[in-house]
1. In the list R260, R227, which residue meets the criterion of being basic (K, R), without any contact (Cβ under 8 Å) to a residue 24 or more places away in the chain and either touching a Gly at 6+ places or on another chain (Cβ under 8 Å) or at negative phi (or both)?
2. Can you tell me which residue among G235, G201, G168 is at pLDDT below 90 and under 30 Å from S135 (Cβ atoms)?
3. Looking only at the stretch 36-57, count how many residues are at pLDDT below 85, among the hydrophobic types (A, V, I, L, M, F, W, C) and in a loop (DSSP other than H, G, I, E, B).
4. Among (1) more than 30 Å from M266 (Cβ to Cβ); (2) at pLDDT below 90; (3) within 30 Å of the chain's Cα centre (by Cα), there is one condition V82 misses while meeting the rest; what is its number?
5. Give the number of residues within the stretch 118-137 that are more than 27 Å from I153 (Cβ to Cβ) and loosely packed, with under 12 Cβ neighbours inside 10 Å.
6. List the residue pairs whose Cβ atoms are under 8 Å apart, where the first residue sits in the stretch 69-95 and is assigned by TED's automatic domain parsing to the domain that holds E249 and free of Cβ contacts under 8 Å to residues at least 24 places away in the same chain, the second is crowded, with 19+ Cβ neighbours inside 10 Å and part of a helix (DSSP H, G or I), and the two are 6 or more positions apart or on different chains.
7. Pull up the stretch 197-233, narrow it to residues that are among the hydrophobic types (A, V, I, L, M, F, W, C), part of a loop (DSSP other than H, G, I, E, B) and in contact with a Ser or Thr (Cβ under 9 Å, 6 or more places away or on another chain), then point me to the one that is surrounded by the fewest Cβ atoms within 10 Å (Cβ to Cβ).
8. State all residues of the stretch 184-193 that are within 33 Å of the chain's Cα centre (by Cα), without any contact (Cβ under 8 Å) to a residue 24 or more places away in the chain and surrounded by 12 or more Cβ atoms within 10 Å (Cβ to Cβ); if no residue qualifies, say none.
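The values are calculated or read from the model by the stated rules, or taken from the named source; none is laboratory data. Since the structure is predicted, the reported quantities are computational estimates derived from the model, not experimental observations. Cβ sites come from the backbone with ideal geometry, for glycine too, and all protein chains shown count toward neighbours.
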Amino acid sequence: MARSAAAIWKRHRMMYALLLPGILYFTLFKYVPMGGIAIAFKQYRLADGIWGSPWVGMANFQRFFDGVYFWQILRNTVLISVYELAFGFPAPIVLALMLNEVRVAWFKRLVQSVSYIPHFLSWVIIYGLLIAFLSPGEGLFNLILARFEVPAISFLTEPEWIRAIIVGSDVWHEIGWGAIIYMAALTGIDPSLYEASRVDGATRWSQLWHITLPGIRNVIVLMLILRLGKVLDVGFDQVFMMLNNFNREKADIIETWVYRAGLQEMQLGLATAVGLFKSVIGFALIVGANRIAKKYDGQIW
């Protein structure tokens, strides 16, 4: 047994060498820092360090759950996540399916390039663009509204608009980048399936429903499972840039609250407890979604 294992190692040593940087990365930056989880159960003091700080058990979790803002920030986080999942998850799939039907090569490349460029823009730049378009004074949209004698709307400060802006800007930011994955999956579908279906008189919609979507089903399910694992990670950079005292009621999320509690108020034990709470929820969703996907594998579409 040991001899066969050594033979396998020798035969595939170059593949293992390629795996080494990834293993080192995840070990050093993902697994080793997990020792800091202990801070969630301590009254952490910088002078005493992690192991010198006194244990407080579940007190940090209790403080978070009993806090006056707990239900507000949890509701905001879940609602924004659900909206982004409902609109942001299918958007790249739809874009990839549409581009797959385009037969003009230069137009297809142009749309792809234009759609995934926003992924490389920071949220600071995007917020500057939003100000240019949505500000109540000289914003483009309000200038258009003024032409129709409609009162100016302060999109970035009114609570009624902020969730739609967060979700819409996130979809615009990620739709092109996400479509690349589905475009790659579409190239793996056997073209002979489409040829056979055309001989049988199948329409484009029939091909889409019975060939294209089943052909990328596994990729869709995988991306959905990964997305569910981050259901409580709305995106700190994005929300932090758009958050202000006027829209805080509808836009304040767990991550921005942790920033204030953990870094500004130095309640590091409380902030770590909240991070652990989010990780447990995300892990449970991933496991649950994976089991459901395996249970119904082959029964979708």
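1. On the way: R227 fails: without any contact (Cβ under 8 Å) to a residue 24 or more places away in the chain.
Every option except R260 fails the conditions.
2. On the way: G201 fails: under 30 Å from S135 (Cβ atoms); G168 fails: at pLDDT below 90.
Just a single option satisfies the conditions, and that option is G235.
3. The qualifying residues number 2.
4. (2)
5. So in the stretch 118-137, the residues more than 27 Å from I153 (Cβ to Cβ) come out as 119-120.
After this cut, where a residue has to be loosely packed, with under 12 Cβ neighbours inside 10 Å as well, the list is 120.
So the count comes out to 1.
6. What qualifies is F70/F64.
7. V231
8. The one that is within 33 Å of the chain's Cα centre (by Cα), without any contact (Cβ under 8 Å) to a residue 24 or more places away in the chain and surrounded by 12 or more Cβ atoms within 10 Å (Cβ to Cβ): A184.
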